[in-house]
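Peer 1: Quick one: structure below, then a few questions.
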Amino acid sequence: MLLSPSAGEVGAREAAVVVDILRATSTLTFALAAGASRVIPAATVEAARQLRREHPDALLCGERDGRRIPGFDLGNSPDEYRPEVVRGRTLVFASTNGSQAMLAAARARRRVPGAFVSASATARAVAGERALVVVCAGKLGGFCIEDAAFAGWLLRALSPAGFEPEGAEARLALNLAPADAAEVAAMVAGSAHGRYLSALGSEFRRDVAICSQLDVFQSVRDL
Ligand code: MLT
């Protein structure tokens, strides 16, 4: 388990669950459920613009400091990723932290978005994997509790399938795992990034509430 993208490597034989609760993997779970065809992560704004030149029909998506990047089609709010907007579209996606985590997992055999909104579906999607790495986006390379707490929730959910948590990070995460939907909502809303987003305004407060829900979706698509 990686508490931030730079904390280690993801091997080609491993499956990866990529976690950025606020908000990238929560948002992308909505986007994939709404029918988006593909997600291409971009490390920088300029890399995203270059990818758009290579994929002229793609939607440019992403945020810096939480807000939609000027000139981009979409920001990082789940509400934006409605079927009528994203169905059948490729998403070039440049968020501050989530994109880095997706790129860190680029070599993985598969990449599954980890989000509370699809937590049980994510557990079911990877329960048959022989080798699994949870890659937490964190914030600017540092620890963030909502991502680690999700990782703990997932590891606890996978325990009956025979998964053994490896390392101190996994044991820490297990201790952070929320017990129920109410604890999920309180922990995410009370997190540093949850409070930062909420201070940006009502639409961002709504994002935090949306990303704090447990098991909105009963299935999940790979990234
Ligand atoms: C991200 O999702 O990459 C970032 O954590 C920031 C955000 O969208 O608020």
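Peer 1: Among the numbered conditions (1) farther than 22 Å from G190 by Cβ; (2) away from the ligand (no atom under 15 Å from the Cβ); (3) surrounded by 17 or more Cβ atoms within 10 Å (Cβ to Cβ), tell me where A105 comes up short.
Peer 2: Failed condition: (2).
Peer 1: For the stretch 63-75, which residues satisfy the criterion of being surrounded by 21 or more Cβ atoms within 10 Å (Cβ to Cβ) and either among the charged types (D, E, K, R) or closer than 10 Å to A31 by Cβ (or both)?
Peer 2: Of everything in the stretch 63-75, those that are surrounded by 21 or more Cβ atoms within 10 Å (Cβ to Cβ) and either among the charged types (D, E, K, R) or closer than 10 Å to A31 by Cβ (or both) turn out to be E63, L74.
Peer 1: Within the stretch 204-212, identify whether any single residue is of a type outside the set (S, T, Y), open to solvent by 70 Å² or more (accessible area, probe 1.4 Å) and within 16 Å of the ligand (Cβ to nearest atom), and answer yes or no.
Peer 2: yes
Peer 1: Condition test on L74, is it touching an Asp or Glu at 6+ places or on another chain (Cβ under 6 Å) and away from the ligand (no atom under 13 Å from the Cβ)?
Peer 2: No: the conditions fail for L74.
Peer 1: Now, a different point. Among the residues of the stretch 78-96, which ones are open to solvent by 20 Å² or more (accessible area, probe 1.4 Å) and either within 13 Å of the ligand (Cβ to nearest atom) or of a type in the set (D, E, K, R) (or both)?
Peer 2: Listed by number, the residues that qualify are D79, E80, R82, E84, R87, R89, T96.
Peer 1: Additional query: For G138, all conditions in the list (1) closer than 16 Å to T122 by Cβ; (2) in contact (Cβ under 8 Å) with a residue 40 or more places away in the chain hold save one; what is the number of the exception?
Peer 2: (1) is the only condition that G138 fails.
Peer 1: Since E9 meets every condition but one in (1) farther than 22 Å from L158 by Cα; (2) charged (D, E, K, R); (3) more than 16 Å from the ligand (Cβ to nearest atom), which condition does it not meet?
Peer 2: Condition (1) is where E9 drops out.
Peer 1: Please specify each residue of the stretch 43-84 satisfying the condition of being hydrophobic (A, V, I, L, M, F, W, C) and either in contact with a His (Cβ under 9 Å, 6 or more places away or on another chain) or closer than 25 Å to G194 by Cβ (or both).
Peer 2: Correct list: A43, V45, C61, I69, F72, L74.
Peer 1: Under 7 Å by Cβ, and 6 or more places apart or on different chains, what pairs join a residue from the stretch 203-223 that is without any contact (Cβ under 8 Å) to a residue 12 or more places away in the chain with one that is surrounded by fewer than 21 Cβ atoms within 10 Å (Cβ to Cβ)?
Peer 2: These pairs meet every condition: R205/S198.
Peer 1: Does L172 fit the bill of being modelled with pLDDT under 95 and either closer than 18 Å to T25 by Cα or surrounded by fewer than 22 Cβ atoms within 10 Å (Cβ to Cβ) (or both)?
Peer 2: The answer is yes for L172.
Peer 1: Checking the structure you have, find out if any residue of the stretch 17-32 is open to solvent by 10 Å² or more (accessible area, probe 1.4 Å) and either more than 16 Å from the ligand (Cβ to nearest atom) or outside any helix (DSSP H, G or I) (or both).
Peer 2: No.
Peer 1: Now a separate question. For D215, work out the one condition from (1) open to solvent by 50 Å² or more (accessible area, probe 1.4 Å); (2) within 17 Å of S118 (Cα to Cα) it doesn't fulfil.
Peer 2: Among (1) open to solvent by 50 Å² or more (accessible area, probe 1.4 Å); (2) within 17 Å of S118 (Cα to Cα), D215 violates only (1).
Peer 1: Right, next: Does G35 meet the test of being under 30 Å from G128 (Cβ atoms), in a loop (DSSP other than H, G, I, E, B) and open to solvent by 20 Å² or more (accessible area, probe 1.4 Å)?
Peer 2: Yes: the conditions hold for G35.
The values are calculated or read from the model by the stated rules, or taken from the named source; none is laboratory data. Given the structure is predicted, the values throughout are model-derived calculations rather than measurements. As a convention, Cβ positions derive from the backbone with ideal geometry for all residues, glycine included, and neighbour counts pool all protein chains shown. Note: accessible area is taken over every heavy atom of the protein model, side chains too, but ligands, DNA and RNA are not part of it. Shrake-Rupley method; radii C 1.70, N 1.55, O 1.52, S 1.80 Å.
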